[in-house]
Amino acid sequence: MADPMKIRAANKDGVTEVKILMSHEMETGQRKDASGAIVPAHFISEVTATWNGKVVLQGEFGPAVSKNPYLAFKFKGGAKGEKVTVSWVDNKGDKRTDEGTIA
Amino acid sequence: MRKQRRGTPHAAAKRMAGSLAALAALATLTGTPALAQDKSMDEIAKYREMLADGNPAELIEMRGEELWKTPRGPKNVSLEQCDLGLGPGKVEGAYAQLPRYFADAGKVMDVEARLVYCMQTQQGFSFAEATKNWYSKPGKESDLVALVTWVGAQSNGQKINVPVKHPKEAEMVKMGEYIFHRRSGPQDFGCSVCHGQDGVRIRLQDLDNLSQSKGAQKAMRTWPAYRVSQGTVWTMQRRLIDCMRQARWPEQKFPSDAVIALEMYLQNKAAGGVLESPGIKR
Amino acid sequence: MSMNEINARRDAMKKMGGMGFLGLLAAAGMITPQMALAAWNKGAFEAKTLADTLKALGAAGTPVESKDVVLNAPDIAENGAVVPVTVTSNLPHSQQVAILVEKNPNALAAQFMIPEGTEATITTRVKMGQTSDVFALVKSDGKFYIAKKEIKVTLGGCGG
């Protein structure tokens with residue numbers, strides 16, 4: 001199973017800033033392993049962040065997003081103690097959902 | 001390379017051609033085209049700054065915490081009673097004070113040697129099992145590195161403090177200093193060639209003078225570090241074993257006492273440097 | 001798995017009547033079906049040239065260069081494996097943000113749908129195989145705008 005994300009969310013003056021680190025190899029499908037065989041592409045393709053049941057960001061990644069992807073954005077609203085939920089799915093169907101608490 | 005031990009600078013350069021060593025030598029022999037490079041260095045600084053927020057090492061740190069607290073090994077116990085030098089289970093500030101002498105083991109250990117010791121004595125792992133994946137490879141993250149990353153992070157903001165209190169510690173500092181300044185191997189090479197003077201630069205890497213307190217502080221305070229080029233965290237053991245490879249020295253076995261001696265010497269020199277751990281590097 | 005196999009799987013997922021992950025979210029009432037339909041834009045991610053990518057994103061022709069689209073990134077990346085990029089749009093109703101690297105095998109690195117209430121400022125990190133122009137594409141009120149910046153790479157980031 002995929003490793004957990006690290007989600008930080010902080011509200012300042014009514015705006016919540018969310019910073020997400022995802023644990024993923026993000027294989028391009030072009031790298032060769034030690035034996036010379038191509039390592040198949042394996043990358044997060046879709047990311048969705050929700051707050052209070054509302055989507056606050058939806059992203060699509062290609063394999064050119066760096067290993068262990070980082071994503072930061074801001075939305076209006078959010079209060080201390082509320083949750084931001086982030087989900088991703090990759091091109092092999094693996095997925096992961098984690099929550100961060102707004103500070 | 002200002003003080004050539006033998007031969008002309010030219011002959012020396014030839015001898016080292018083909019290795020990274022040659023680059024280091026050239027950098028000092030020719031001096032650096034300062035003007036063009038300074039703007040580059042500003043942009044590189046901006047690059048590093050943009051990476052500092054959201055260091056992927058934090059993911060590895062989280063895994064390390066989990067590993068520390070999870071019962072594992074033949075004895076199915078966690079590492080929570082491991083003594084990293086400040087008493088069983090006390091992790092905060094421990095990394096800043098390593099390596100140090102451990103009476104129970106009768107020797108000076110760094111964070112990795114100590115974790116391996118705890119994995120053996122408390123969890124019942126064999127030495128081979130505990131050290132088998134001591135560094136991370138693509139697609140295969142090392143548990144030991146994750147543990148070191150978490151332990152290191154628990155010293156974030158603390159001052160490096162590795163004084164000499166035990167005779168064995170004094171011995172290790174001496175040995176580290178000796179190794180640091182010694183030149184050997186097929187290239188007649190050593191740490192001090194790359195790290196023993198001011199203003200050495202390999203490609204865009206400024207190499208600090210590690211034999212001075214300021215340079216040692218700057219280098220030692222940001223480890224363990226996420227290496228962007230490797231996509232994973234390197235520990236100081238990994239860093240130094242790789243530097244020894246660059247010096248064309250014999251391959252080190254992990255955990256290496258020669259490395260622990262170097263760490264002891266460098267941490268001792270770096271006293272007072274405030275840890276920013278985990279770091280992030282090229 | 002080859003790109004073809006990936007495609008086959010994606011097609012299979014589609015044939016099964018689901019919209020994959022986002023469909024599930026939608027079913028759980030977490031997002032509206034309309035948003036779920038915006039699933040991975042295969043055509044855009046697999047396009048090779050900048051022009052084809054823009055076309056697949058619905059931004060055919062030359063999008064207008066705009067000072068209101070700001071691409072913040074270092075001039076030089078020490079390592080192409082990780083190049084930090086922030087895109088900010090000061091245009092009203094920015095609905096979509098995309099990051100494109102012209103000289104990568106596929107130009108599109110990532111794209112984002114910006115719901116009402118979310119600021120059009122996105123930071124992420126992309127791989128660059130070599131020195132290249134990087135583009136920030138923003139859709140605002142149905143029109144596309146673009147900003148460009150050359151980023152030099154001292155060490156390539158593809159293949160490892």
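Below is a table of values for the structure above.
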{"read-out": "Rounded Å value of the spacing that divides the Cα centres of region A:5-80 and region B:235-279", "value": "33 Å"}
{"read-out": "When each of B:K165/B:K253; A:K32/B:K281; C:K55/C:K139; A:K12/C:K139; A:K19/A:K80 is checked by Cα-Cα distance, pairs over 19 Å", "value": "B:K165/B:K253; A:K32/B:K281; A:K12/C:K139"}
{"read-out": "Label-zone membership for region B:245-263, site B:Q120, 7 angstrom Cα→C-beta point, backbone N under 16 Å", "value": "B:253-258, B:260"}
{"read-out": "All aspartates and glutamates inside 17 Å of A:K54 as judged from Cα atoms, apart from same-chain residues fewer than 8 positions distant", "value": "A:E17, A:E46, A:E82, A:D98, A:E99, C:E116, C:E119"}
{"read-out": "Estimated FRET transfer efficiency when R0 is 45 angstrom, pair C:V64-A:K76 (beta carbons, to 0.05)", "value": "0.95"}
{"read-out": "Full-stretch length increase - B:D242, B:H181 - with 0.36 nm per residue and alpha-carbon distance subtracted", "value": "20.2 nm"}
{"read-out": "Given A:K6/B:K269; B:K39/C:K148; C:K103/C:K149; A:K67/B:K46, the pairs whose alpha carbons are separated by over 24 Å", "value": "A:K6/B:K269"}
{"read-out": "Exposure proxy ranking, count of Cβ atoms within 10 Å, fewest first, for A:H42, B:H181", "value": "B:H181, A:H42"}
{"read-out": "Relative contact order, percent, chain A [alpha-carbon distance under 8 Å, six or more residues apart]", "value": "34 percent"}
{"read-out": "Residue mean of other protein chain beta carbons inside 10 Å, A:26-38", "value": "3"}
{"read-out": "Reachable aspartates and glutamates, given that their alpha-carbon falls under 13 Å from the alpha-carbon of B:K214 and they are not under 8 places away in the same chain", "value": "B:D198"}
{"read-out": "In range of the label at B:K159: residues from region B:98-120 whose backbone nitrogen is under 18 Å from the point 7 Å along Cα→Cβ", "value": "B:98-99"}
{"read-out": "Shape metrics for region A:6-101, restricted to C-alpha atoms - Rg then Dmax, Å", "value": "15.4, 54"}
{"read-out": "Dimensionless Rg/Rh of region B:44-192 - Kirkwood Rh, Rg from C-alpha atoms", "value": "1.01"}
{"read-out": "Anchor B:K75: lysines whose Cα lies under 22 Å away (excluding residues fewer than 8 positions away in-chain)", "value": "B:K90, B:K132"}
{"read-out": "Scaled radius of gyration (Cα, divided by 2.2 N^0.38 Å) that region B:38-81 gives", "value": "1.99"}
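Since every read-out is calculated from the coordinates, none of them should be taken as a lab result. Here the structure is a predicted model, which is why all the values come from computation and not from measurement. All Cβ positions, even for glycine, are placed from backbone atoms using ideal geometry, and neighbour counts span all protein chains on display.
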